[in-house]
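Participant: Right, I'll just put the structure down here and ask away after.
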Amino acid sequence: MTARAWAGTWFLAAAGVAVVGAVELAWPGTAARLTRGLVSTDLLIRAGLFTVVLVGLNLLMGYAGQASLGQAAFYGLGAFASAIFTVRAQALGIPASVAGAWWWPWLVMLLAAVAVGAFALAVGWVILRLRGHYLAMATLGLGIIVYIVLRENLGMPHLNLTGGFDGIVGVPRLRVGGAELWPVQVYYFVVWAAALASMALGLNVVHSPAGRALRALHGSELAAESVGVDVGRLKAQIFALSAALASVAGSLYAHFQAAVVPDTFGFVPSLELVVMSAVGGMSSIWGAPLGALAVLLLEQLLRTHVLGLVPAVSGELEPVVFGLVLVVIMMFWPAGLVSSRRVQGTAWASR
Amino acid sequence: MSQDSLLRVERVTKAFDGLVALSEVSLEVRPGQIKGLIGPNGAGKTTLFNLIACCLAPTAGDIVFCGRSLVGLPPHRAAELGIARTFQNVQVFPGMTVLEHVLVGLHRQAQAGLVACALQTVRLRRTERRLREEAEALLDRLGLLPWAEVPVETLPFGLLRRVELARALAVRPKLLLLDEPGSGLNPTEKQAMSQLVRGLRDEGITVFLVEHDMTMVMGLADEVAVLDHGALLCEGPPHLVQRDPRVVAAYLGEGDDA
C-alpha cells in the first residue's frame, strides 16, 4: 500500500514529461519561444541526464549519508566506454557485423553500467570504511584519478583509446531497428524514459527494507549493525548502484553530444552534481529532477538574461553570481527545494 | 564450566593502546536468567558489552555464544546469531518513526536484497505486509502503538528507551544486552521497565544488563557480577553480592584491603 504511495505523483510527472515532449516534437522550439530562450529541448535533455545521476547520488548522500565528491568519474566512465566501444570498435577487433548492429550501443551501455557498478563495489568496499570528511576526500581523489586516467589515454598513449585531452568525436546516434532516435526532440523521450525509470527505481529502494536500512545507518551505524544490518555491504551496494546509474547517464550523454572530452567529467562537474543534489533536496528522489532543472535554469538565466545587463564583463561573473545564489538557497532552504523531512527551522534561524 | 551456559566469557582481556580496560574476565550467563553486571564508573561494563556484541574484539581470551566463538565476527553477525542490545546513550534513527525502528529491527527477516528492493518484487511486498503486522504487534505489547507513526525525535526520553527495546526484540534475540535500561527514567518508568524485563525472561529471553540503580538491579537480577577496574570482583545471588565486603569497598572508593 504505502510502497506505491508515490505512484500517482510519478504518473503525473511522466504525463508532464510526455506533454512537453509531444509539444516540442510537433512544434520544435515552442519551449524556447514561450520562455524567451530560457528552456530548450537541449536543456531538458541535460536535466534528464543529470536526473539519472542524481537519483543515485541522493540515495548515496541523502539516504545513506555517504558523501561522494567524485560522482562525475562514473558518469565519465560510462560516456567513454560507450564512445570507445562504438567509435573504436574496429580497432578493438570487434567484427563489423556486431559493431554495426543497432543493438550494439545498447549492449555497450548495459555492460558498461555493470562493469562500472562492479568497479564501484570493489572501491566502495574499501573507501566506505572512511567517514565524513575522510570519505569525501577519498571520493574526491577517486574522481581526480579517473579524470587523469581518461585524459592520459588510460596510460597507453600508443593505443589512443580515449583520445587524450581532445577526447572522442563521432559517437553514433542510438537506433532501434533501422530507426535513428534523433533529432533531439526524439532523443528527449529516450533520456526522460531513463530518468523516470531511475526515479521509479530510486523510489522503490526508498520504500523498501533496504531504504529503511539506509536511513537507519545514516542515523546510527552502531544501532543499525546491532539489529543485523550489514552496514559495510549495504553501503558498497548503494555506491555501486549510484555508479551504475551514473554510467548509464554517461552513455546516454555520449550518444547525445556525439563527442566526449575528459574535462566534462573532472572535479568541477562532480561538485556541480553535489550542488544540484543539495539544491533539489538530497533526502528525496524528487529532489533529483528538481535540483537538475533548477540549477540548469539558473545557469541559463544568468547567461541569457542577467549578465547581458551588465556591460563589459567577461564570463567570469557567471560563477560568482551562481555561487551567491547558491549561498542564498542554502541559507533559506538548507534541506533543498523538496525535503522528505521537516526541517527544524532554517539554518539562518537556528543560529 | 557447565555445558548449559548460553554465553561464556573466558579469560577476556581488552586493552586500548596499552590501557587495560578488562583483564582476564571470566563469567557465564545461563539460559533463562536475568544476569546483572554492576561496578563503579570506568569498571569496564560497557566495554564488556561491546565485546559480546562484536563491536570490539578482545585482545585475549574467548567469548562463546551457543557453543560458538564470537571473536572476529562483525556486529551484524552477532545480531544474526541472536544477540540484541540497547545502548547506554540511546541510539535512535533521527527522522524515522517508531514503527520504522521496529521494521529496521526486523531487517534480517525481510531477506530482501537491493535488487529485489529496487524492483519491488511481489514477494517483497508480501513480506513487507507481514513485517508491518509483526511490528505493530510488538509495539502493541510494549504499549508503543499510539506512537507508531510518530518520528522518534519528538518522543520523551522514557519512551525512547522502550523504542530501543522494541527494536532489539524485533531481532528475536536469545540474549538481550541492556545497557543501563533504567537510566534517565523516573521511578514509575523504572518499575514498568523492570516489569517488562521480567516478562521477557518469562518468555525465555535471557537478559544480561548493566545497571547503576542498585534497587532496580538487585530486585531484578537472578545473579549479579561485579566488575572493578577491569577485573571481576565477585559473582553470585544479589543478596550475597550486596554484602560482600569487596563490593562495599569498591563502591565506597576504598582500596582493596578488605
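Participant: DSSP H helices in chain B with Cα extent of 15 Å or more along the helix axis and mean Kyte-Doolittle hydropathy at least 0.5?
Facilitator: Span-like helices, by this rule, are B:157-170.
Participant: Identify which of B:THR59, B:THR47, B:THR121 has the largest mean-square fluctuation in a Gaussian network model of chain B, with springs joining Cα atoms closer than 10 Å.
Facilitator: B:THR121
Participant: Read phi for every residue in segment B:84-97 and hand back ³J(HN,Hα) as whole Hz from Karplus 6.51 cos²θ - 1.76 cosθ + 1.60, θ = phi - 60°, with x for Gly and Pro.
Facilitator: 10, 8, 10, 10, 4, 9, 2, 10, 10, 9, x, x, 9, 7
Participant: Moving on to the next point. How crowded by other chains is B:80-87, given as the mean number of beta carbons from other chains within 10 Å of each beta carbon?
Facilitator: That works out to 2 on average.
Participant: What is the sum of charges around B:HIS239, taking Lys and Arg as +1, Asp and Glu as -1, for the other residues whose C-beta is under 12 Å from the C-beta of B:HIS239?
Facilitator: Spelling it out: positives minus negatives among the neighbours equals -2.
Participant: Another question about this same structure. At most 13 other C-beta atoms within 10 Å and a DSSP loop state: those are the exposed GluC sites (Glu not before Pro) I care about. Give me the longest piece of chain B that has none.
Facilitator: Free of exposed loop sites, the longest segment is B:1-148.
Participant: Suppose R0 equals 60 Å; then what is the FRET efficiency for A:LEU12 and B:ARG246 from their Cβ-Cβ distance, rounded to the nearest 0.05?
Facilitator: Numbers: r = 72 Å, r/R0 = 1.20.
Step by step, r from the Cβ atoms, then E = 0.25.
Participant: Just to confirm my numbers, what's the Cα centroid distance between segment B:120-185 and segment A:98-164 in Å?
Facilitator: Here the two parts' Cα centres lie 42 Å apart.
Participant: Take chain A, mark every one of the chymotrypsin sites (Phe, Trp or Tyr not before Pro) that falls in a DSSP loop and has at most 13 other Cβ within 10 Å, then report the longest stretch left between them, sites excluded.
Facilitator: Counting only loop sites that pass the neighbour cut-off, the longest clear stretch is A:104-347.
Participant: When chain A is modelled as a GNM with alpha-carbon springs shorter than 10 Å, which of A:ALA18, A:ALA120, A:ALA240 fluctuates the most?
Facilitator: A:ALA18
Participant: Can you return the lysines within cross-link range of B:LYS174? Criterion is Cα-Cα under 22 Å, with same-chain partners fewer than 8 residues away left out.
Facilitator: B:LYS35, B:LYS45
Participant: Next question. Say the dipole of the protein assembly as shown comes from +1 at the beta carbon of Lys and Arg and -1 at that of Asp and Glu; which of A:ALA138, B:PRO173, A:PHE165 then lies farthest toward its positive end?
Facilitator: Positive-end residue among those listed: A:PHE165.
Participant: Can you show me the helix-derived [θ] at 222 nm for chain A, built from DSSP H runs with n ≥ 4 at -39,500 (n - 2.57) apiece and divided by the number of residues, rounded to the nearest 500.
Facilitator: Taken over chain A, the calculation gives -20500 deg cm²/dmol.
Participant: List the relative contact order of chain B as a percent without decimals, with contacts defined as Cα pairs under 8 Å and 6+ residues apart.
Facilitator: 27 percent.
Here, each number is a calculation from the coordinates, and none is a lab measurement. What you see is a predicted model; the values in this text were computed from it and never measured. So basically every Cβ, Gly included, is an ideal-geometry build from the backbone, and we count neighbours across all protein chains shown.
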